[in-house]
Amino acid sequence: MKLYEAKPGYTGTITSIDGDTRFLSRITSIGLTEGCKIEIMQNEKNQPVLLLGRDSLIAVNRKDCERIEVK
């Protein structure tokens, strides 16, 4: 499923990240990589998705969430 589809409390693993080199560089620099375990903290419509990954609270905008697959 796409990251933006996950409900608060969901725990899973990032399985793939799709995008150009600039996007991949930006996302990996904040610690989100394939195999990273995450927990969704907040996911409200028209708001960034808040997730806990690598012991950090990270806000990911909804457009970027469309490029990230979780399982």
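The values are calculated or read from the model by the stated rules, or taken from the named source; none is laboratory data. Computed from a predicted structure; not experimentally measured. Positions of Cβ are backbone-derived with ideal geometry, glycine not excepted, and every protein chain shown enters the neighbour counts. To get the accessible areas, we keep the full protein, side chains included, count just its heavy atoms, and leave off ligands, DNA and RNA. Shrake-Rupley method; radii C 1.70, N 1.55, O 1.52, S 1.80 Å.
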(request) Over the stretch 13-71, average the accessible area per residue using a 1.4 Å probe and give it in Å², no decimals. (result) 64
(message) Can you compute 3J(HN,Hα) from phi for each residue in the stretch 38-46, using the Karplus curve 6.51 cos²θ - 1.76 cosθ + 1.60 with θ = phi - 60°, rounded to whole Hz and x for Gly and Pro?
(response) 9, 9, 7, 9, 8, 8, 10, 4, 6
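Please compute the net charge surrounding Asp20, taking Lys and Arg as +1 and Asp and Glu as -1 over other residues with Cβ under 13 Å from its Cβ.
On the way: positive: Arg22, Arg26, Arg67; negative: Asp18, Asp64.
Once positives and negatives cancel, what remains is +1.
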(message) About the Cα centre, and with charges only on the beta carbon of Lys, Arg (+1) and Asp, Glu (-1), how big is the dipole of the chain? Nearest 20 debye, please.
(response) 80
(message) I'd like the carbon and sulfur percentage of the solvent accessible area for the chain, probe radius 1.4 Å, heavy atoms only, ligands and nucleic acids excluded.
(response) 47
(message) Quick check for the chain: number of Lys pairs with alpha-carbon distance under 18 Å, counting only pairs 8 or more apart or on different chains?
(response) 10
(request) Take the chain, drop everything but the C-alpha atoms, weight them equally and run the Debye formula without solvent; then report log10 I(q)/I(0) at 0.12, 0.23 Å⁻¹ to two decimals. (result) -0.25, -0.99
(request) Pop out the ³J(HN,Hα) list for the stretch 28-33 in order, Karplus 6.51 cos²θ - 1.76 cosθ + 1.60 with θ = phi - 60°, rounded to Hz; leave Gly and Pro as x. (result) 5, 5, 8, x, 8, 10
(message) Just to check I understand the Karplus step: with θ = phi - 60° and J = 6.51 cos²θ - 1.76 cosθ + 1.60, what whole-Hz values come out for the stretch 55-69, glycine and proline as x?
(response) 6, 10, 8, 10, 9, 10, 5, 4, 4, 5, 5, 5, 9, 10, 9
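When the helix-only estimate is applied to the chain (DSSP H runs of n ≥ 4, each -39,500 (n - 2.57), divided by the residue count), what is the mean residue ellipticity at 222 nm, nearest 500 deg cm²/dmol?
Numbers: 2 runs with 13 residues, N = 71.
Theoretical 222 nm ellipticity from helices: -4500 deg cm²/dmol.
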